[in-house]
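Take a look at the structure set out below.
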Protein chains: 2
Amino acid sequence: MKVIVPKNAGVCWGVERAIDMAYQTIHESQYHKIVSLGPLVHNPEVVEDFKSKGVEVISDLKESQAGTVVFRSHGVPLNTYEEAKTKGLEVVDATCPFVKRSQNYARRFSRQGYFVVIVGDEKHPEMKSVRSFSPGPHLVTMNPKDLEKIPVDSKVGLIAQTTIPLTIFEAMVEAAQKRFPEVKTHDTICDATKIRQEEAAETARQVECMLIIGGKESSNTKKLTKICKEIQPKSYEIEHEREIDFSWFEGVKILGVTAGASTPVPVIQRVCSYILDNLSQKRIQQAI
Amino acid sequence: MKVIVPKNAGVCWGVERAIDMAYQTIHESQYHKIVSLGPLVHNPEVVEDFKSKGVEVISDLKESQAGTVVFRSHGVPLNTYEEAKTKGLEVVDATCPFVKRSQNYARRFSRQGYFVVIVGDEKHPEMKSVRSFSPGPHLVTMNPKDLEKIPVDSKVGLIAQTTIPLTIFEAMVEAAQKRFPEVKTHDTICDATKIRQEEAAETARQVECMLIIGGKESSNTKKLTKICKEIQPKSYEIEHEREIDFSWFEGVKILGVTAGASTPVPVIQRVCSYILDNLSQKRIQQAI
């Protein structure tokens, strides 16, 4: 059996970079306390590995008194930088460069006197970070109706949460152009999510069975499974290799494997090796 | 003497990522031939180090018959992927994620029937890569006058070279909006260059002497030196620490050090250590 994995499966490079930076920090500050503000990635194994290396996950800077704090790829609110400085914490800022770019545009629009509309989910940590960089009036929403709350004579500047579909951003821009005399936009979408979905679909088309790795709670993993299932009904979602039922692979010559945004690349590789090792052992047993 | 270095001095993380990927490739494929298509960064020391580890720089895939080829952060023309595949080369694609995003928008605009205007310098390798992803009519230019070459009834989609100033892109968008019935834009600028310049200026304001590290031929290093010199006349550009004249630092309590886009972070650290080591040796000599 041949196994194919799309190029952009699993965590995006922004999250991968954050994980790398955390490991680098562990390596450099062996006798130092390290905490991460929120989990670096929603994957219990990775969080467990960091824990075993002395990196604790905290949810508030109040819980940390000294040492190094890692800010994850989502970004943190602006005042968190100040708070860390006041406490004398060393900061490793793993904010995704695409999110940094959004923060910069949120600040720039505000300084130029624009009412900033950030198209996204206001509960998402990225949005809590980005909006905090906008010192003037701003709004986080994905609903064009909300634009009615903004005075009609406003100059409006639109940016987007990095992970939303382009169509949602475009609909908001269109609605804004109809209502306001001056509208400026910066497309701050990162296409990692979209590319992952496109590649999963492309892979599903080429295989006889598709495996999707991801957390049970991960909505982006569910989305991937749905996309794959529509193309290849023999698509199975797993959280861990122990859930694999080898009867899935009977008669399968090409297997596709992809993973949600919280699955690090080494985990994908491990699952693939696990499958191939088990299949070859079975073949050996059958031969005996 | 205290030395301060702005957070974003030296190569951007897109180039850093490419260098990391190349070292990773060396680590993983010890008995394999590795080439890089063009230098990964315009820094003779780095190129020399890669050479000592067996990585050869080639300018054309014709020069390579087998093994692994690294595509650098600028990106490569679309047909280079095909060419590598035909030759059976293994590809390590270190194209900067911001450039990848531009490539995707160039393709998408074309597929949607837009005349694609890529605002940038047509001689730059990034532009040669991005334009190749646009199968339909397109133009690479920074001159608003060139828009006259495009039929007036066209739908026009604009994207930008990742490193150009935002003002140039905005001027082109404005000119396009005046001429064409339908204009769409995706701001594909990465603000790494701008941030590096802003931080250099901020640092220059805080110090009594400023050191700028970078290649003699590097235009972005010259720009940094110019910006710093206007703020702090005692600003000096060097390519290598051996050019340092320690009389520059007499009476200096705070020194600022920054670097152009072709200088890897470890080189900046090395120059700082060199200065501090020499100064403390001098102090010891004076004490004796």
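Among the residues examined, B:Pro135 qualifies as more than 20 Å from the chain's Cα centre (by Cα) and not polar (S, T, N, Q).
Residue by residue, here is whether (1) under 30 Å from A:His32 (Cβ atoms); (2) of a type in the set (A, V, I, L, M); (3) within 14 Å of chain B (Cβ to nearest Cβ) holds:
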residue: A:Ser64; (1), (2), (3): yes, no, no
residue: A:Gly67; (1), (2), (3): yes, no, no
residue: A:Gly88; (1), (2), (3): yes, no, no
residue: A:Val99; (1), (2), (3): yes, yes, yes
residue: A:Tyr105; (1), (2), (3): no, no, yes
residue: A:Val117; (1), (2), (3): no, yes, no
residue: A:Lys149; (1), (2), (3): no, no, no
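Before we move on, is A:Glu243 modelled with pLDDT under 95, acidic (Asp, Glu) and touching a strand residue (DSSP E or B) at 6+ places or on another chain (Cβ under 9 Å)? So A:Glu243 does not fit the description; no.
Here is a yes/no grid of residues against (1) at pLDDT below 90; (2) more than 22 Å from B:Pro44 (Cβ to Cβ); (3) surrounded by 14 or more Cβ atoms within 10 Å (Cβ to Cβ):
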position	(1), (2), (3)
B:Trp248	no, yes, yes
B:Gly251	no, yes, no
B:Ser262	yes, no, yes
B:Ile268	no, no, yes
B:Ser280	yes, yes, no
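Considering the range A:1-25, and only residues there that are in a helix (DSSP H, G or I) and aliphatic (A, V, I, L, M), the residue that is nearest to A:Gly54 (Cα to Cα) turns out to be A:Ala22. Looking across the range B:203-223, the residues that are at pLDDT below 95 and touching a helix residue (DSSP H, G or I) at 6+ places or on another chain (Cβ under 8 Å) come down to B:Gly214, B:Gly215, B:Asn220, B:Lys223.
Would you pick out the residues in the range A:75-111 that are farther than 25 Å from B:Thr188 by Cα and part of a helix (DSSP H, G or I)? Once the filter is applied, which keeps residues that are farther than 25 Å from B:Thr188 by Cα and part of a helix (DSSP H, G or I), the range A:75-111 yields A:Asn79, A:Thr80, A:Tyr81, A:Glu82, A:Glu83, A:Ala84, A:Lys85, A:Thr86. If you go through the range A:246-265 one residue at a time, do you hit one that is part of a helix (DSSP H, G or I), touching a Ser or Thr at 6+ places or on another chain (Cβ under 7 Å) and among the aliphatic types (A, V, I, L, M)? Scanning the range A:246-265 turns up no residue that is part of a helix (DSSP H, G or I), touching a Ser or Thr at 6+ places or on another chain (Cβ under 7 Å) and among the aliphatic types (A, V, I, L, M). Has the range A:201-215 got any residue that is within 27 Å of A:His74 (Cα to Cα), small (Gly, Ala, Ser), more than 12 Å from every other protein chain (Cβ to nearest Cβ) and part of a loop (DSSP other than H, G, I, E, B)? There is at least one residue in the range A:201-215 that is within 27 Å of A:His74 (Cα to Cα), small (Gly, Ala, Ser), more than 12 Å from every other protein chain (Cβ to nearest Cβ) and part of a loop (DSSP other than H, G, I, E, B).
Of all the listed residues (A:Glu83, A:Glu16, A:Glu28), the sole one being within 13 Å of chain B (Cβ to nearest Cβ) and within 30 Å of A:Ile159 (Cα to Cα) is A:Glu16. Residue-level analysis places B:Ala9 outside the set of residues that are of a type in the set (Gly, Ala, Ser) and under 27 Å from B:Thr86 (Cβ atoms).
Is it fair to say A:Ile159 is within 14 Å of chain B (Cβ to nearest Cβ), aliphatic (A, V, I, L, M), in contact (Cβ under 8 Å) with a residue 40 or more places away in the chain and part of a helix (DSSP H, G or I)? When the stated conditions are applied, A:Ile159 does not pass them. Just to be sure before I move on: is A:Lys178 more than 30 Å from A:Val11 (Cβ to Cβ), assigned to a strand (DSSP E or B) and of a type outside the set (Val, Ile, Thr) in the structure I sent? So A:Lys178 does not fit the description; no. Hey, can you tell me all the residues within the range B:167-195 that are of a type in the set (A, V, I, L, M) and facing chain A (nearest Cβ under 9 Å)? If the condition is that a residue be of a type in the set (A, V, I, L, M) and facing chain A (nearest Cβ under 9 Å), then B:Ile189, B:Ala192, B:Ile195 are the ones that fit.
Inside the range B:27-51, residues that are modelled with pLDDT of 90 or more and among the β-branched types (Val, Ile, Thr) make up a count of 2. Every condition in (1) more than 14 Å from chain B (Cβ to nearest Cβ); (2) of a type outside the set (D, E, K, R); (3) under 24 Å from A:Ile238 (Cα atoms); (4) surrounded by 18 or more Cβ atoms within 10 Å (Cβ to Cβ) holds for A:Asn8 except the one numbered (1).
The values are calculated or read from the model by the stated rules, or taken from the named source; none is laboratory data. The structure presented is a predicted model; accordingly, all values stated were derived computationally and were not measured. As a convention, Cβ positions derive from the backbone with ideal geometry for all residues, glycine included, and neighbour counts pool all protein chains shown.
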